[in-house]
Amino acid sequence: MDCPWTFSAFLAPDGPAVETATELAAEPGAGSVRLHRIRQLRGRILFDGGRRPAFREPDDQPQDLGAWHFTARRVRDGQNGEHGPPLGYVRLLTPATAARYQSREFLGDAAYEQVLHGAGLVPDSVFEHSRLVVEHRARKLGLGLHLNALAVAAAHELGAAAMIGTSGTADGQDRFHARFGFHPVPGTRRYVEKYTEDVVILLHRAADGAGEYTGLVESYRLLFRDLMAEAEAEAEAEAQAQAQAASQATGESEVPAQKAAQTAAQTPAKVTARTKAAAVSEPGPKVPAHRTVTPPPGLVAIGESDPQRWKPVLFRPTRRDDRAALTALLNTGSVREVADTIEAQLEELIRARDPGRPLAADALADARRDQLEGLPPWDYGTWAWYPWSGRLVHVLPREEYRLVRTDRNRGKIDRPEQRRLLAKRVGIIGLSVGNSAAVTLAQEGVAGAFKLADFDILSVSNLNRLRAGLHQVGVNKAVLAARQMFEIDPYLDIEIFPAGLTEENIKEFFLGGHGPIDLLVEECDTPWVKLAAREAARDLGVPVVMEANDRGLLDVERFDREPRRPLLHGRLGPLTAADCRLLTPAERIRLVLDMVDGERISPALAASFPEIGRTLSSWPQLASGVALGGALVTETARRILLGGRCASGRFYVDLEELIAPDRDVSGADGTGTDVAGAGVPGGIVEGAVAAATDVANAGQTGAASLPSAP
């Protein structure tokens, strides 16, 4: 969709309300003038020829102060560079003025707080957009869609975890917002006389994207950055002009610093995460005058990475909206790397569908042409934009990509089983040890949907066991895992809980969001979470798998088959999660040891516990143990989800025992199994060798890998 609109934005100063044109005379700044014009525009559109009589006058609201205001005009060429009159408007309030939110006013303070609490949201992370108004002649041209996308994009760019707002229902406004990922809050709909229609509260989670307009919103985040820069430049220019006028009026050659600061404070300005952090931080130590505190320009040229962004944006070039958004993205310069291997992917697809068919170059070209069905290769499939790395990756359509990616699973996980697994949803709590499980589950295609919960961030000391890089230090572990999984399969359905599992979100983790989980992987260190998660899993009949990262301990609790099974096999007796809220460090360690059977832990781990807090900062964990745990969890989860043999219990895959001399099966000393087949009947071995020879002799090595290839 080409965008025929030009946008402007400004951040109104916060302070005493400027309500009328009379009061405007006492507040003559450009921000006040803009506000008055915006209120006139809103009032005219809302009045709607008399449909809403309450808006006969300019739409004056205290919510305007301290808010971002966006207007749109029709692009006009060849008219001295001027565009048409403003045809639409939308407002965005930030948490700095949350006390004035329209949704809070609509619900009342107590009900508003209850809505946020019930959704597991922190008020300081919730933004509100409101007053989306568009002239009739511009509605048919899609202006409302673009303004709404810009407001949502601005909220995402400013760090919103969620957005809330009121919406009318008479003209389908609530359904319009639903296309951006907004959902009605049950029990909040009621008739409002001022608007002459029913109004309902809508809620939107930034982590879930923006519905069918996720691509457009993502591209408009970049537009908002430009608008912020323009707003800041205009604010600085106005501050300088006012300061100069004040200087001339008083006859001063220089305006005192206090007066300049006051002028700047009353001028619309840009708000960024860095500005807000500076406003609340404690004063730092004084820096000597000779010391340079500004980093070299090259260190800030690219900008700070965004540790909150974890979800790719998918563009289908055959859709007009997606194509326009993708073009806009490419024009921003934010794409640092383009990976277009679609030709190679198509070849793999063709060979995977018919591995026994010999394909010469001409036949392969014909098959590729048939697959494209007249589309140019650039338009085929999906372009996945990974904003955290700046990579834009071309990928086959969902089903075709998954067919190719899991092709080598066949023989161990056949196509019907793959489809059954992709329909499952797995919850993972704890993404340190759980990171290996999450990534391995995604690689193997065990589940197509995931919920990831962890409150912790990646630290340098985690790099001894987590598959991550130094540049990712400081990133939430749930975010990190989601990024890694999406880079394997951009079509996954992932929800994250970066606050970890809490009383407020435990119900949503198990039942809410995109759907209930079918299996829980529990890998956290907090006793309350371990027990609370199992209590919920048992109540809901959800099986639980845990790997303890010592001696290959694998724990399975089949609450789906045994709804009365004691938690952790009864090792803790009648202890409940409620009993674990206030534990001393010693009690916590003792309880964790009881959970994992302290009498059976490895000698090395047992020796480390008395040293924690003395010579050791925490208990030891190794990458090899974490990797083994990921394999054990994935194998077990696959068996459970496919209905295979897997009973409740505690099992050890202990290499200290498994690689003991008496377990050697190499046959090198004459005591082991015959090596020529490793216990497999000779006929199978001979058949495999013969098949490989036939393939090689037929010249089809490109069609299928030899069995010897790992």
Rank the residues Leu216, Leu372 as a footprinting-exposure proxy: fewest other Cβ atoms within 10 Å of their Cβ go first.
Leu372, Leu216
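For every other residue with a beta carbon closer than 11 angstrom to the beta carbon of Arg104, add +1 if it is Lys or Arg and -1 if Asp or Glu, then tell me the sum.
Local charge sum for Arg104: -3.
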With N set to the residue count of the range 313-405, report its C-alpha Rg divided by 2.2 N^0.38 Å to two decimal places.
1.18
Spelling out what I want: for every residue of the range 533-539, take phi, set θ = phi - 60°, compute 6.51 cos²θ - 1.76 cosθ + 1.60 (Karplus), and round to whole Hz; glycine and proline get x.
5, 6, 4, 5, 4, 5, 4
Taking Thr636, Thr6 and counting other beta carbon atoms within 10 angstrom, the fewest-first order is Thr6, Thr636
Starting from the amide H of Thr188, placed 1.01 Å from N in the peptide plane, find each other amide H under 5 Å away whose residue is 5 or more places distant or on another chain.
Ile201
Over the Cα atoms of the range 377-461, how large are the radius of gyration and the largest Cα-Cα distance (Dmax), in Å?
15.5, 44
Order these peptides, 478-485, 346-353, 660-667, 619-626, by their mean beta-carbon neighbour count within 10 angstrom, highest first.
478-485, 346-353, 619-626, 660-667
Which value results when the Cα radius of gyration for the range 433-566 is divided by 2.2 N^0.38 Å?
1.04
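If you count, for each residue, the other Cβ atoms within 10 Å and average over each peptide, how do 135-147, 202-214 line up from highest to lowest? Write out the running numbers ahead of the final one.
Working: 135-147: 17.3, 202-214: 20.5.
Top of the packing list down: 202-214, 135-147.
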Whole-Hz ³J(HN,Hα) for each residue in the range 401-408, computed from phi via Karplus 6.51 cos²θ - 1.76 cosθ + 1.60 with θ = phi - 60°, x for glycine and proline: what do you get?
4, 5, 4, 6, 5, 9, 4, 7
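I'd like the per residue volume of the convex hull spanned by the Cα atoms of the range 59-165, given in cubic angstrom.
Dividing the Cα hull volume of the range 59-165 by its residue count gives 122 Å³.
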For labels at Ala607 and Thr502 in the simple 7 Å Cα→Cβ model, what's the distance in nm?
4.2 nm
Debye intensity ratio in log₁₀ form over the Cα atoms of the range 540-677, taken at each q of 0.10, 0.11 Å⁻¹:
-0.47, -0.56
If amide H atoms are modeled at 1.01 Å from N in the peptide plane, then the residues at a separation of 5 or more from Ile494, or on another chain, having amide H under 5 Å from its own are Phe450
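Applying a 10 Å radius around every beta-carbon, put 95-105, 446-456 in order of their mean neighbour count, most first. Don't jump to the answer; show the numbers that get you there.
Values: 95-105: 18.4, 446-456: 23.8.
My ranking of the peptides, most packed first, is 446-456, 95-105.
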What is the set of long-range amide H partners of Ile413 at a cut-off below 5 Å, with H atoms built 1.01 Å from backbone N?
none
What nm value, rounded to one decimal, do you get for the distance between Asp198 and Lys140 when each label is placed 7 Å out toward the C-beta?
2.9 nm
Once phi is turned into ³J(HN,Hα) by the Karplus curve 6.51 cos²θ - 1.76 cosθ + 1.60 with θ = phi - 60°, what whole-Hz value does each residue of the range 128-143 show in order, with x for glycine and proline?
9, 10, 7, 6, 6, 10, 9, 4, 3, 5, 9, 5, 5, 8, x, 5
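Only the coordinates and a few stated rules stand behind these numbers; no lab work does. All figures in this text were calculated on a predicted structure; none of them were measured in a lab. All Cβ positions, even for glycine, are placed from backbone atoms using ideal geometry, and neighbour counts span all protein chains on display.
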